Amino acid sequence: MQRKDFPSSPLGMHRVIEPAGALPQAAWRLDPSPELWPDETRVRVDRLNLDAASFRQLTEAAGAGRCSASSPSGARCRTR
């Protein structure tokens, strides 16, 4: 969903769908389209290394089995 009516953002704000104007780290929804913008790079990741605090945050956000770090929706699966 690459829109041509605004330029890409070096902070990635062009990928934010909701809430408008948020930074990608705080966004509720991001544009997952595979097309790259001119200032983006595709990176293949085989493994993510989480520290204990990040893992705890993910498991607490998951609540009573609503989702997990390995679920299809991944780390941002909690309802905001």
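The values are calculated or read from the model by the stated rules, or taken from the named source; none is laboratory data. Given the structure is predicted, the values throughout are model-derived calculations rather than measurements. A quick note on method: Cβ atoms are made from the backbone with ideal geometry, for glycine too, and the neighbour counts reach across all protein chains shown.
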Positions within the range 17-26 being touching a residue at least 12 places away in the same chain (Cβ under 8 Å) and part of a loop (DSSP other than H, G, I, E, B), in sequence order: Leu23
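Within the range 28-60, how many residues turn out to be in a loop (DSSP other than H, G, I, E, B) and touching a residue at least 12 places away in the same chain (Cβ under 8 Å)?
Final tally of qualifying residues: 9.
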Meets criteria (in contact with a helix residue (DSSP H, G or I) (Cβ under 6 Å, 6 or more places away or on another chain) and surrounded by 11 or more Cβ atoms within 10 Å (Cβ to Cβ)) for Ser8: yes
Selection within the range 19-49 - surrounded by 13 or more Cβ atoms within 10 Å (Cβ to Cβ) and either within 15 Å of Ser8 (Cβ to Cβ) or modelled with pLDDT under 90 (or both): Pro24, Leu30, Asp31, Trp37
